[in-house]
Amino acid sequence: MFIILALVMVLKGIFFCFFSILLMVSDLQGQLALEDLFEGETEYSDQSFDFDIIDRIIRYKININTAKFEDLLIVPGITPVTAIKIIRYRNRKGGFRSLNEIDSLLNNITIEQKVMKEIFMVPGKIKNNKIIFRMRQRLLEDIDKSKGFIESYYYPAPLKSYTRFSLKYGDRISFGFHCEKDPGEKEIFDHTVFFLKLEKIYNIDRVVIGNYYLNFALGLVFYRKRYFDLFTEPIYPLLSRSKGIIGYSSSNESDGFRGIALEKSKRNFNFYVFLSSNNFDANSVNENAVSGFYTSGYHRNKIELSKKNLVKENLNGFRIEYSIRNGIKLGITSGKYSYNKSFVILDSLRNKNDFSGDRNFIFSGDMNITLRDINIFIETAKSGKNGYGVIGTFLLDKRNLQLISLFRNYSPGFHSIHGNSYNSISMNNQNEVGFLSGFKIKFTNLLRLSVSCDQFRSLSRTYFYPMIKRGVKTLFRLNYGSVFDFLYSSKKGDLREAKNDSDGIPRQYNILKSRDKLRFEIKNEIFDNCFVKIRIEKLWERKNSYTYYTGENDIVDSGILLYIDLMVKKLKRYSFNLRQIHFKSRNNLVFYQFERDLPGLLSIRPLIGLGRKWYFLVSFKLFKFISLSSKYSEIVYYGVNSIGSGWNKVDGNKKRSISIQVDFDF
């Protein structure tokens, strides 16, 4: 059955390939290389913040002759060592005159030439005083409605809408506005953010008013949320790409700040000052207390609406950076939080390490040293109630070799509410110690090998992990440019999870012994910029399960996924992407795969059970200033009568969705 479906999928791909011979197409390789990097970082993520930034970079590019150190670090593949090399070369030569100079300087393992052409520009010495206005309108809807809409548990507005405006005048003034509503929400402005950014005003380098992010050092104190877990790229996801103060226009409703932030440089010092007063969703206990943040962002009924903007967070803080000389930087960061309601722990047995109270203070110091091909970055932090966190990275970045080591130690009582640094156990940077090492070797211009190993354990027992949790993650990846990619990753250890009956007594536990993934992928450019990609992925999971009634049992789960992808682009006028996927897994084993989506939108879709999925994405440039994109997707599960559960249950075995987006650029 599975082989027959695979043959049908291949025939469908061949049909579309013959159709594409009629197209005159242009370069897609740079875009594919960028997407490969993002699949490595965000394979298990539902965040699109970074991808949205890169989408804007691809469309409007970075001026290599004026970009700051922090601006360069945002580019996929650019390490601190490489950024320093670019700046030193620029200062020595008076700037880059062509992309060939960049290629000569960066002809190493860090960044491919085809990626470089998508990102950088060398405009010469021109004054940028243009006014740029952009607008994006996005609409998404599920064709097959869930139980919540059919029985009117959700508000009868199944459309998801997204609107964003941005205005930029030269390099000195930027304005952004974003509003969004999820399916089932009544208000079209359910989530609204805005920012005004001013550069070089009244002797202040940067002022941001409204909503903003703070990204500092290695992320122990302030960093926007990102998710690591089973990475497929050993170098890029681990590096800090801090950019200080960033105007915030993301759809994440449980992150960021609202107020004013300032940046000032004087000689070898950089000063940052920030004030914020922002409302967040929370789970209410009584008029004066909450039990934690409510992070889903949904406000579709009275219960969910009662959680909206329930707690107010006030923050004031600062950061000071001192550059001893080019390549050596010291920094300190401080933040003081207060809340209008107290956080309480309702179950001290289960959640003893959670944040409690209505105040928190956090302070950190960091050191960043870049000498020739070596970068060393260390940050230590202390939070209220004697919590602490330490993280350090060592990077060797040579022409054909990258080597990285990372150490972290987060105490069980460390509370960094808006911080986010590398972790393997808890997304909250708590109760973990670990050491990671990895390397990437470039044998030829195309052949590359990546290997990494991460060892970690928890520092104390918890209710859900009654034994010390420990494990090892390994990665082996061999790829030959955009032709083929072989990956093996493994997660092994004694990872115990407890489940309990309604009386709270542990009746069942699972000990994960191993989780292995094997992936093989080939890509082929069958015509100019007409690409076909085929992926086969196999998963295995072995665990020991104990229940009160059946005793111990060894369970082995497995799954397989196969897809074919077709990508075509004609000049800069239109493009399309077709993907057909077949998957089969047992006992809730989940596949995650990167999907191309509407411009600026990142999709990491979970697939579980037995079924198939396909989607079609098309983009047109109607006029010089108007672009139109649309996507249709359909997923079918075999042998089921419904999909999902509770109010999100959909009758039948099929789920379909359609989305459309219009971009205006003036």
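The values are calculated or read from the model by the stated rules, or taken from the named source; none is laboratory data. None of these values were measured; they are calculated from a predicted model. Glycine gets a Cβ as well: all are built from the backbone with ideal geometry, and neighbour counts include every protein chain shown. Calculation scope for accessible area: heavy atoms of the full protein, side chains included, ligands and nucleic acids excluded. Shrake-Rupley method; radii C 1.70, N 1.55, O 1.52, S 1.80 Å.
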Handout entry: Solvent-accessible area per residue for the range 316-432 (1.4 angstrom probe, square angstrom)
Key = 43 Å²
Fill in the blank from the handout: Log entry: pair-distance distribution for the range 232-377, C-alpha pairs binned every 10 Å from zero, whole % per bin is 10, 28, 30, 22, 9, 1
Fill in the blank from the handout: Heavy-atom accessible area of the range 523-666 with neighbours in place, 1.4 angstrom probe: carbon+sulfur share in percent works out to 56 percent
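Please sort 362-374, 575-587 by packing, taking for each peptide the average over its residues of neighbouring beta carbons within 10 angstrom, highest first. Intermediate values should be presented prior to the final figure.
On the way: 362-374: 18.8, 575-587: 20.5.
Result, highest mean first: 575-587, 362-374.
Please tell me which of these pairs span more than 18 angstrom C-alpha to C-alpha: LYS145/LYS654; LYS68/LYS243; LYS243/LYS329; LYS197/LYS308?
Details: LYS145/LYS654 11 Å; LYS68/LYS243 10 Å; LYS243/LYS329 14 Å; LYS197/LYS308 28 Å.
Flagged as over cut-off: LYS197/LYS308.
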Problem - Spread of Cα-to-Cα distances over 5 Å intervals beginning at zero, given as percent, for the range 361-420 - result: 4, 17, 24, 18, 13, 10, 8, 4, 1, 0
Exercise for the section: Report relative contact order for the range 264-321 in percent, whole number only (criteria: Cα-Cα under 8 Å, sequence separation at least 6). Expected result: 48 percent
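At a Förster distance of 30 Å, what's the computed FRET efficiency of LYS336 paired with PHE269, Cβ-Cβ distance as r, to 0.05? Walk me through the numbers on the way to the answer.
Numbers: r = 22 Å, r/R0 = 0.72.
Step by step, r from the Cβ atoms, then E = 0.85.
Report relative contact order for the range 289-404 in percent, whole number only (criteria: Cα-Cα under 8 Å, sequence separation at least 6). Walk me through the intermediate numbers first.
Numbers: 202 pairs, mean separation 21.1, N = 116.
RCO, the range 289-404: 18 percent.
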